[in-house]
1. Could you pull out the chymotrypsin sites (Phe, Trp or Tyr not before Pro) across segment 38-123 that fall in loop regions by DSSP (anything but H, G, I, E, B) with no more than 15 other Cβ atoms inside 10 Å?
2. Can you tell me the relative contact order of segment 1-113? Whole percent, Cα pairs under 8 Å, sequence separation 6 or more.
3. Using a Debye calculation, one point per C-alpha and no hydration shell, please list log10 I(q)/I(0) for the chain at q = 0.21 Å⁻¹ in order.
4. Roughly what angle does helix 17-28 make with the longest principal axis of the chain, taking Cα atoms, 0 to 90 degrees, to the nearest 10?
5. Compute the angle between helix 59-73 and the longest alpha-carbon principal axis of the chain, please, reported from 0 to 90 degrees and rounded to the nearest 10.
6. Roughly how many percent of the accessible protein surface of the chain is carbon and sulfur, given a 1.4 Å probe and a whole-percent answer?
7. Tell me which GluC sites (Glu not before Pro) from segment 1-108 have a DSSP coil assignment and no more than 16 other beta carbons within 10 Å of their own.
Amino acid sequence: MKTTNPKPVVTDKSKNRNRIEEIKKEVSSFPQIYDVAVVKGKKDILVAYKVKHLHRFSMKKIEKNLTKMLEEKYPKEKFTVSSDYKIFLETIRLDERMKSPKFSHREAEKRFKEIVKMTEATK
(Lines give C-alpha, C1' and ligand atoms only; values in the text may rest on other atoms or scores of the structure.)
Protein backbone atom coordinates (compact mmCIF):
# COMPACT_ATOMS: atom_id res chain seq x y z
CA MET A 1 0.00 0.00 0.00
CA LYS A 2 1.21 3.44 -0.85
CA THR A 3 1.34 5.82 2.09
CA THR A 4 1.90 9.56 2.06
CA ASN A 5 2.72 9.74 5.78
CA PRO A 6 2.34 13.54 6.10
CA LYS A 7 3.81 15.45 9.01
CA PRO A 8 1.28 16.83 11.51
CA VAL A 9 0.16 20.36 10.66
CA VAL A 10 -0.53 23.21 13.07
CA THR A 11 -2.51 26.14 11.60
CA ASP A 12 -1.95 28.13 14.77
CA LYS A 13 1.50 29.35 15.84
CA SER A 14 1.32 27.31 19.03
CA LYS A 15 4.06 25.08 20.41
CA ASN A 16 1.86 21.98 20.76
CA ARG A 17 3.66 20.15 17.96
CA ASN A 18 4.81 17.41 20.38
CA ARG A 19 1.23 16.60 21.36
CA ILE A 20 0.22 16.41 17.69
CA GLU A 21 3.14 14.05 16.97
CA GLU A 22 1.99 11.92 19.92
CA ILE A 23 -1.58 11.79 18.58
CA LYS A 24 -0.32 10.72 15.16
CA LYS A 25 1.72 7.88 16.72
CA GLU A 26 -1.28 6.75 18.79
CA VAL A 27 -3.55 6.61 15.74
CA SER A 28 -0.87 4.92 13.62
CA SER A 29 -0.60 2.17 16.23
CA PHE A 30 -4.03 0.83 15.22
CA PRO A 31 -3.35 -2.27 13.08
CA GLN A 32 -6.27 -1.50 10.72
CA ILE A 33 -4.93 1.96 9.81
CA TYR A 34 -2.07 2.54 7.38
CA ASP A 35 -1.89 6.30 6.82
CA VAL A 36 -2.71 9.22 9.13
CA ALA A 37 -2.93 13.00 8.69
CA VAL A 38 -3.35 15.21 11.79
CA VAL A 39 -4.16 18.92 11.67
CA LYS A 40 -4.45 21.12 14.75
CA GLY A 41 -6.47 24.30 14.55
CA LYS A 42 -7.06 26.86 17.28
CA LYS A 43 -9.77 24.78 18.97
CA ASP A 44 -10.09 21.46 17.13
CA ILE A 45 -7.86 18.62 16.03
CA LEU A 46 -8.70 16.85 12.78
CA VAL A 47 -7.56 13.25 12.41
CA ALA A 48 -7.95 11.85 8.89
CA TYR A 49 -6.84 8.29 8.22
CA LYS A 50 -6.92 5.48 5.65
CA VAL A 51 -8.14 2.01 6.55
CA LYS A 52 -6.57 -1.15 5.16
CA HIS A 53 -8.75 -2.74 2.50
CA LEU A 54 -9.62 -5.89 4.46
CA HIS A 55 -10.96 -3.78 7.35
CA ARG A 56 -13.30 -1.58 5.26
CA PHE A 57 -16.38 -3.41 6.58
CA SER A 58 -15.63 -2.38 10.17
CA MET A 59 -14.93 1.30 9.51
CA LYS A 60 -17.64 2.57 11.88
CA LYS A 61 -16.28 0.41 14.69
CA ILE A 62 -12.72 1.58 14.00
CA GLU A 63 -13.83 5.23 14.05
CA LYS A 64 -15.76 4.70 17.29
CA ASN A 65 -12.78 3.00 19.00
CA LEU A 66 -10.36 5.64 17.72
CA THR A 67 -12.53 8.53 18.90
CA LYS A 68 -13.03 6.92 22.31
CA MET A 69 -9.28 6.32 22.74
CA LEU A 70 -8.40 9.90 21.76
CA GLU A 71 -11.02 11.46 24.02
CA GLU A 72 -9.89 9.35 26.99
CA LYS A 73 -6.21 10.09 26.46
CA TYR A 74 -6.63 13.80 25.65
CA PRO A 75 -9.81 14.95 27.46
CA LYS A 76 -9.11 18.68 27.00
CA GLU A 77 -8.95 18.45 23.19
CA LYS A 78 -11.88 18.44 20.74
CA PHE A 79 -11.43 15.85 17.99
CA THR A 80 -12.92 15.43 14.55
CA VAL A 81 -12.15 11.96 13.20
CA SER A 82 -12.69 10.94 9.58
CA SER A 83 -11.83 8.01 7.35
CA ASP A 84 -13.17 9.80 4.26
CA TYR A 85 -10.54 9.86 1.51
CA LYS A 86 -11.58 13.32 0.31
CA ILE A 87 -10.98 14.74 3.79
CA PHE A 88 -7.59 13.04 3.85
CA LEU A 89 -6.68 14.63 0.50
CA GLU A 90 -7.82 18.08 1.67
CA THR A 91 -5.58 17.82 4.75
CA ILE A 92 -2.64 16.95 2.48
CA ARG A 93 -3.43 19.95 0.26
CA LEU A 94 -3.61 22.20 3.33
CA ASP A 95 -0.19 20.94 4.40
CA GLU A 96 1.23 21.71 0.94
CA ARG A 97 -0.29 25.20 0.91
CA MET A 98 1.10 25.99 4.37
CA LYS A 99 4.62 25.48 3.04
CA SER A 100 4.14 28.55 0.87
CA PRO A 101 5.20 31.83 2.58
CA LYS A 102 2.24 33.61 0.93
CA PHE A 103 -0.29 31.40 2.74
CA SER A 104 -1.06 33.05 6.10
CA HIS A 105 -2.03 31.35 9.35
CA ARG A 106 -5.43 33.07 9.17
CA GLU A 107 -6.08 31.54 5.73
CA ALA A 108 -4.91 28.16 7.02
CA GLU A 109 -7.33 28.34 9.96
CA LYS A 110 -10.17 29.33 7.63
CA ARG A 111 -9.43 26.39 5.31
CA PHE A 112 -9.15 24.08 8.33
CA LYS A 113 -12.64 25.10 9.47
CA GLU A 114 -13.98 24.40 5.97
CA ILE A 115 -12.49 20.90 6.05
CA VAL A 116 -14.04 20.23 9.48
CA LYS A 117 -17.42 21.36 8.10
CA MET A 118 -16.97 18.90 5.22
CA THR A 119 -16.52 16.05 7.70
CA GLU A 120 -19.80 16.96 9.38
CA ALA A 121 -21.55 16.94 6.01
CA THR A 122 -20.29 13.43 5.20
CA LYS A 123 -21.70 11.89 8.40
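The values are calculated or read from the model by the stated rules, or taken from the named source; none is laboratory data. Quick caveat: nothing in here was measured; it's all calculated off a predicted structure. Methodologically, a virtual Cβ is constructed for each residue, glycine included, from the backbone with ideal geometry; neighbour enumeration extends over all protein chains shown. What goes into the accessible areas is simple: the full protein's heavy atoms, side chains included, and nothing from ligands, DNA or RNA. Shrake-Rupley method; radii C 1.70, N 1.55, O 1.52, S 1.80 Å.
1. F103
2. Over segment 1-113, the number comes to 26 percent.
3. Once normalised to I(0) and log-transformed, intensities are -1.28.
4. On a 0 to 90 degree scale, this one is about 20.
5. In the chain, helix 59-73 runs at an angle near 60 degrees to the longest axis.
6. Whole-percent figure for carbon plus sulfur exposure: 51.
7. Taking segment 1-108 and a limit of 16 other Cβ atoms within 10 Å, the loop GluC sites (Glu not before Pro) found are E77.
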